[in-house]
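The values are calculated or read from the model by the stated rules, or taken from the named source; none is laboratory data. Just so it is clear, the structure is predicted and the values come from calculations on it, not from any experiment. Quick reminder, even Gly has a Cβ in these numbers, built from the backbone with ideal geometry, and neighbours come from all protein chains shown.
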Amino acid sequence: MTGKIERWRPVLGLVGLYEVSDRGNVRSLRFRNRFCDRPRAQPKLLVPDKSKKGYLRFEFAGRKHPAARLVLDAFVGPAPRKEADHVNGVRDDNRLGNLVWATRTENEARKRGHRSHLNGARVGNSKLTEHKVREARRLYARGCVTFKDLGERYGVRETTVAAAIHGRSWAHVSEGS
């Protein structure tokens, strides 16, 4: 990382027990079990687990807490009706600079944007890729093939190829990209 010092703030609602950093780390400030409750000599870093969808979360106070939400609550302030959005699309990158509060709609739109620009350029479960769309557009523009021919070539319906060629789908794909 950079030479920048990691900043720590109390976890919202658990002041004096846990702290979260601007890098997405969480530490425990107290040693607690059924026999004692005392401050730790040195804070203990907690190890996150990963959800099935790839998001990091920490378990304490009887619940699992998403790391991104902990960071935003502590450094930006709570936003109960919003979601933590990872700007770069990397679900386990919980640095403060990579997180923003977003509505569900904004978050889903950004996710779609990340998926459509991945290497391989495949969108969702589609059989087409950006490369195939460019190729189909070039072949169709030369008058070499029909939508039916292209559909058979790429294993899709001719209406799917027509939509891609005319920009009703795959509109983000340009000839020069």
Being in a helix (DSSP H, G or I) and within 13 Å of the chain's Cα centre (by Cα) is the filter here; which residues of the stretch 91-108 pass it? 98, 104, 106, 107, 108
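Quick one: in the stretch 55-69, which of the residues that are surrounded by 10 or more Cβ atoms within 10 Å (Cβ to Cβ) and part of a loop (DSSP other than H, G, I, E, B) is modelled with the lowest pLDDT?
61
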Quick check on the stretch 141-168: of everything there that is among the aliphatic types (A, V, I, L, M) and outside any loop (DSSP other than H, G, I, E, B), which residue is surrounded by the fewest Cβ atoms within 10 Å (Cβ to Cβ)? 141
For the stretch 40-70, name all the residues that are within 16 Å of residue 16 (Cα to Cα) and not charged (D, E, K, R). 41, 42, 43, 45, 46, 60, 61, 70
Checked pairs for the stretch 48-61, first within 14 Å of residue 94 (Cα to Cα), second of a type in the set (Val, Ile, Thr) and at pLDDT 90 or above, C-beta under 7 Å and 6 or more apart or across chains, list as 58/26
Being loosely packed, with under 12 Cβ neighbours inside 10 Å and at pLDDT 85 or above is the filter here; which residues of the stretch 119-137 pass it? none
Name the residue that is farthest from the chain's Cα centre (by Cα), counting only residues in the stretch 70-90 that are buried (at least 17 other Cβ atoms within 10 Å of the Cβ) and not acidic (Asp, Glu). 74
